[in-house]
């Protein structure tokens with residue numbers, strides 16, 4: 001029988017999937033496949049009930065089949081409830097919030113720091129290209145976990161800021177895609193090469209649903225980020241030991 005006609009009694013959410021609950025919308029992110037799925041209010045409420053019970057029937061046949069087929073949920077032998085991440089929504093601005101438009105030339109950095117940053121960006125590009133395109137994010141996450149494990153001490157705010165600035169300066173000349181994911185991952189690798197660590201964060205915001213990646217110092221301060229980054233709720237955090245996380249930062253390979 002297909003999943004459309006038969007569904008398991010018990011289900012759970014794999015550890016590599018995160019569910020951010022904004023109240024009016026619920027966002028599922030699969031860090032293995034890179035898939036992002038949004039659930040509107042009625043479906044989101046059914047998902048919340050299923051999460052509390054670890055059972056499939058609150059979802060209904062069609063939604064359950066869709067989530068199982070996408071591997072955002074998986075069958076299990078017994079009730080295994082899963083947690084949702086309580087996400088915060090930005091206050092309505094009614095169009096009054098201003099955002100910078102266009103590219104901004106980064107601050108100048110020394111040749112030495114520029115070369116080191118370029119090497120880190122090349123490493124990130126190589127990891128992304130080394131396999132299935134859909135699994136690129138998963139490869140980056142595993143690389144960051146490995147890099148974090150080699151650190152001897154947290155980077156100071158000055159060390160972290162200089163590294164992020166150098167990465168952005170190198171990215172200015174990069175012929176490939178250099179957005180927040182590439183920049184933040186490269187910053188982690190560049191610091192890890194000196195046995196230094198920061199916290200890597202991947203978060204989501206709503207209205208509209210959008211994602212962002214950034215790094216933080218040990219005290220939780222975002223490095224080189226605008227105030228607008230506060231609109232993002234961290235969904236996957238790697239390298240943090242100073243605050244609570246609803247789910248572990250380790251992802252299955």
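The values are calculated or read from the model by the stated rules, or taken from the named source; none is laboratory data. Here the structure is a predicted model, which is why all the values come from computation and not from measurement. All Cβ positions, even for glycine, are placed from backbone atoms using ideal geometry, and neighbour counts span all protein chains on display.
One residue stands out among those in the range 74-114 that are surrounded by 11 or more Cβ atoms within 10 Å (Cβ to Cβ) and farther than 23 Å from residue 17 by Cα: the one that is modelled with the lowest pLDDT, which is 97. Screening the candidates 186, 155, 206, 160 for the property of being touching a residue at least 24 places away in the same chain (Cβ under 8 Å) and under 11 Å from residue 117 (Cα atoms) yields one hit, 186.
No other residue among 190, 228 is in a helix (DSSP H, G or I) and under 15 Å from residue 154 (Cα atoms) apart from 190.
Output yes when any residue across the range 205-218 is crowded, with 21+ Cβ neighbours inside 10 Å and in a helix (DSSP H, G or I), and no when none is. No, the range 205-218 contains no residue that is crowded, with 21+ Cβ neighbours inside 10 Å and in a helix (DSSP H, G or I). Being modelled with pLDDT under 90 and surrounded by fewer than 17 Cβ atoms within 10 Å (Cβ to Cβ) holds for only one residue in 153, 177, and it is 177.
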